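Below is one structure; the comments refer to it alone.
The values are calculated or read from the model by the stated rules, or taken from the named source; none is laboratory data. Since this is a predicted model, take the numbers as computed values, not measurements. As a convention, Cβ positions derive from the backbone with ideal geometry for all residues, glycine included, and neighbour counts pool all protein chains shown. These area figures cover heavy atoms from the full protein model, side chains too; ligands, DNA and RNA do not enter into them. Shrake-Rupley method; radii C 1.70, N 1.55, O 1.52, S 1.80 Å.
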Amino acid sequence: MKEGFYLLGLEKTSPTFAAAMQNSVPALTFLMAALLRYESVHFNRIDGLAKVLGVLASVGGASIITLYKGPVIYTPRLALHQEQYLSVLGDATGKNWNLGGIYLFGHSLCWSGWIVMQAFVLKKYSAPLTVSAFTCFFGVVQFLTIAAFFETDSKAWQFNSSGEIFSALFSGLVTSGLASAIQIWTIGKGGPVLASIYLPLQTLLVSVMASFIFGEEFFLGGIIGAFLIISGLYLVVWGRSQETKYAKEVIVPIEPKNHWEEKSDSSFLIQRLITTQSS
């Protein structure tokens, strides 16, 4: 459902707006995990405040990279000669921004819910690769059923170029297969919040790769956003480590009840022995 909502929202809005809405996933995941009591948040301790500020900083940094450019910081030698005059929200012709925003918000909710749900699943079924395989399989079955119902034109199912074949294979093998398996493994190891907090990093990596590969200019917004994303990641990871350290300090070993019973029985026997010897 999250992919379906994303494609519908992308059709109704623009790539920039879709990327900006997608950056809300870490915040939504953190909120869901806290409400479901999977992630503990202690506002009266520094570790809890660090996690909250880290999530906000990462989301804010990714949003700045997407929505704000500023002056040019770096211009590659292989810069594109054609200048593109795109607004922040893209071409508004034939768009429905209200409906597209609802679709994209549904995409973010589905993604966040999926991340939190995997954490509960992996607690009882600790096989991340099998979970990833079942996820991809039922996703294919679901979308094939929906596509067969709505797309009745046989020409729409044909590949017209090698680029379309490569895009389909890359989306299936890398985006849905490999990336999903890695994300599920990360959820099992570090929890839903730690897995989702790295999602804004893709916005930074796209900006850097586009600058070096396609010759796009790098703007001040990218520098500010990169600083906030990296700072947010550090705050969340540091807050989790401090929370783990605090939990280890609080835990006090409790001796079992049987131990105290054995101890009382042995002291009683020793007392009876001393009484017998003295008499």
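Within segment 182-226, being of a type in the set (S, T, N, Q) and either in contact with a His (Cβ under 9 Å, 6 or more places away or on another chain) or under 23 Å from Leu28 (Cα atoms) (or both) holds for Gln183, Thr186, Ser196, Gln202, Thr203. Hey, can you tell me all the residues within segment 186-217 that are surrounded by fewer than 17 Cβ atoms within 10 Å (Cβ to Cβ) and assigned to a helix (DSSP H, G or I)? Listed by number, the residues that qualify are Lys189, Gly190, Gln202, Leu205, Val206, Val208, Met209, Ala210, Phe212, Ile213. Scanning segment 21-31 for residues that are part of a helix (DSSP H, G or I) and open to solvent by less than 20 Å² (accessible area, probe 1.4 Å) yields Val25, Pro26, Thr29.
Of all the residues in segment 143-179, those that are without any contact (Cβ under 8 Å) to a residue 40 or more places away in the chain and either open to solvent by 70 Å² or more (accessible area, probe 1.4 Å) or touching a Ser or Thr at 6+ places or on another chain (Cβ under 9 Å) (or both) number 22.
Residue-by-condition table, conditions (1) out of contact with any strand residue (DSSP E or B) (no Cβ under 6 Å at 6 or more places or on another chain); (2) closer than 30 Å to Trp238 by Cβ; (3) at pLDDT 85 or above:
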residue	(1), (2), (3)
Leu7	yes, no, no
Ser14	yes, no, no
Ala20	yes, yes, no
Val25	yes, yes, yes
Met32	yes, yes, yes
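Close contacts from segment 225-251, counting a first residue that is free of Cβ contacts under 8 Å to residues at least 12 places away in the same chain and a second that is among the β-branched types (Val, Ile, Thr) and surrounded by fewer than 15 Cβ atoms within 10 Å (Cβ to Cβ), with Cβ to Cβ under 9 Å and a gap of 6+ residues or different chains, come to none at all. Just one of the numbered conditions (1) within 25 Å of Ala18 (Cα to Cα); (2) among the aromatic types (Phe, Trp, Tyr); (3) at pLDDT below 85 is not true of Trp114: (3). Which residues, counting only those in segment 32-48, are without any contact (Cβ under 8 Å) to a residue 60 or more places away in the chain and surrounded by 13 or more Cβ atoms within 10 Å (Cβ to Cβ)? Within segment 32-48, Ala34, Val41 qualify. Against the conditions (1) modelled with pLDDT under 80; (2) in contact with a strand residue (DSSP E or B) (Cβ under 7 Å, 6 or more places away or on another chain), Ala210 satisfies every one except (2). Scanning segment 218-245 for residues that are at pLDDT below 80 and surrounded by fewer than 16 Cβ atoms within 10 Å (Cβ to Cβ) yields a total of 1.
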